[in-house]
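Okay, so here's the structure we're looking at.
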Amino acid sequence: MKLYSCSNCNSSLYFENSMCLHCKHPVGFESKQLSMLTLVTNNTNSYTFSEVKTKASYKYCLNKQHENCNWLIPAESSSDYCVACDLNRTIPPLNIEANRLRWNEIEIAKHRLIYSLLRLHLPIEKKTDENDAGVAFDFLAELSAEEKIMTGHDNGVITLNINEADDAERARHKLDLGEKYRTLLGHFRHEIGHYYWDLLIRNTKFINEFRTIFGDETSDYAEALNNYYHSDPAPDWQNKFISVYATSHPWEDWAESWAHYMHIMDTLETAYFFGIGLNSIEPANDSIHTEITKDPYTIADFSILFDMWVPLTFAVNNLNRSMGHADFYPFVISETVVKKLSFIHNVCKAKRSVQ
């Protein structure tokens, strides 16, 4: 995530801000420029960029009324929703306060997902009756204990059980499933990975290389998941996979690796814009040194990104331990996993080059 500031008073802004807390100017995110704009009010529904060099006029996404979106769209647009909110097909009933609070948390994570996809220059299209190849989000609440909502992906439709926005519920699932990491943003990145497998790998020039690296995805998926849930993973699974769930099937290996790739890119971008680097006072230990001096989205060689990533995560893990918290980054990346992440990086790079 980039570091943003108010162009009126230069105060720092969070990505989710709709007002500068220092000078009280309205602010909003403009997705085509990937920039936070400081605005002046034209009327109750229209805003202009505060700098006089542009005459562009904007309106907020309609979901600003729910205080879970600060994205802008052109004032003359026929759509009332931004590129992120327009992908919503179903939201939970908002007359229930718990649903509203959970949906707000979901939208915060989803907007960060869409930001990263825009930075990767990946296609983001709304699923409609005319465009079945697009993506849609269904955020569903369980109506009874018997009717369970399963988070997952099916032909571009990403379903999320809104209970995942409840910290206690998510922590319980994390413990029950023996997971090291479970967040809303992680869910989104995993499920969108399935969507982009269909878009970027299936029936493309990359399919054979994918099978060489990840395995044959034509193996029975249901049987593979059944085996996964009824047997113990191989004791050396960390030598080949980023997570234990990735061992279940090549599709899940791809989705878990895809999510991890997005974690790396977004975190390194944040570190870059904050000017974070490491220079250990122990001169003999060269492994605790990194200079993040280039936007990761502009780096073609994944090995350069990985060399930045490892010392950064080691340092942050130690900071977390100093505060008595669990590791920020509870993963071990083997050479095989690096190869998988590098493949994903090259696929995204190739997609960007043909646009």
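Odds and ends about this structure:
- Any hit, segment 100-115, residues being open to solvent by 10 Å² or more (accessible area, probe 1.4 Å) and assigned to a loop (DSSP other than H, G, I, E, B): no
- Ala259 being free of Cβ contacts under 8 Å to residues at least 12 places away in the same chain and under 30 Å from Gly152 (Cβ atoms): no
- Within segment 324-345, tally of residues that are open to solvent by 40 Å² or more (accessible area, probe 1.4 Å) and assigned to a loop (DSSP other than H, G, I, E, B): 7
- Counting only residues that are open to solvent by 30 Å² or more (accessible area, probe 1.4 Å), at pLDDT below 95 and either basic (Lys, Arg) or over 18 Å from the mean Cα position of the chain (by Cα) (or both), segment 141-154 holds 9 of them.
- Test: residue in segment 165-182 that is open to solvent by less than 40 Å² (accessible area, probe 1.4 Å), under 30 Å from Ala326 (Cβ atoms) and modelled with pLDDT of 95 or more: no
- Looking across segment 12-25, the residues that are under 25 Å from Glu105 (Cα atoms) and in a loop (DSSP other than H, G, I, E, B) come down to Tyr14, Phe15, Glu16, Asn17, Ser18, Cys20, Leu21, His22, Lys24, His25.
- Only one of the numbered conditions (1) small (Gly, Ala, Ser); (2) within 30 Å of Leu199 (Cα to Cα); (3) under 22 Å from the mean Cα position of the chain (by Cα) is not met by Ser334, and that is (3).
- Restricting the first member to segment 9-34 and to residues that are closer than 14 Å to Leu72 by Cβ, and the second to residues that are assigned to a loop (DSSP other than H, G, I, E, B) and small (Gly, Ala, Ser), the beta-carbon pairs closer than 7 Å and six or more apart or on different chains are His25/Ser50; Pro26/Ser18; Val27/Ser18; Gly28/Ser18.
- Here is the figure for segment 284-323: residues that are of a type in the set (Gly, Ala, Ser), open to solvent by 40 Å² or more (accessible area, probe 1.4 Å) and outside any loop (DSSP other than H, G, I, E, B) total 2.
- Condition check for Arg119: at pLDDT 95 or above, surrounded by 18 or more Cβ atoms within 10 Å (Cβ to Cβ), over 17 Å from Leu184 (Cβ atoms) and under 16 Å from the mean Cα position of the chain (by Cα): yes
- Here Asp138 clears all of (1) loosely packed, with under 14 Cβ neighbours inside 10 Å; (2) of a type in the set (D, E, K, R); (3) out of contact with any helix residue (DSSP H, G or I) (no Cβ under 8 Å at 6 or more places or on another chain) except the condition numbered (1).
- Within segment 69-91, the residues that satisfy the criterion of being assigned to a loop (DSSP other than H, G, I, E, B) and touching a strand residue (DSSP E or B) at 6+ places or on another chain (Cβ under 7 Å) are Asn70, Ala75, Ser79, Cys82, Ala84, Ile91.
The values are calculated or read from the model by the stated rules, or taken from the named source; none is laboratory data. Predicted model only: the values in this text are computed from it and were never measured. Heads up, the Cβs are rebuilt from the backbone with ideal geometry, glycines too, and the neighbour counts pull from every protein chain shown. These area figures cover heavy atoms from the full protein model, side chains too; ligands, DNA and RNA do not enter into them. Shrake-Rupley method; radii C 1.70, N 1.55, O 1.52, S 1.80 Å.
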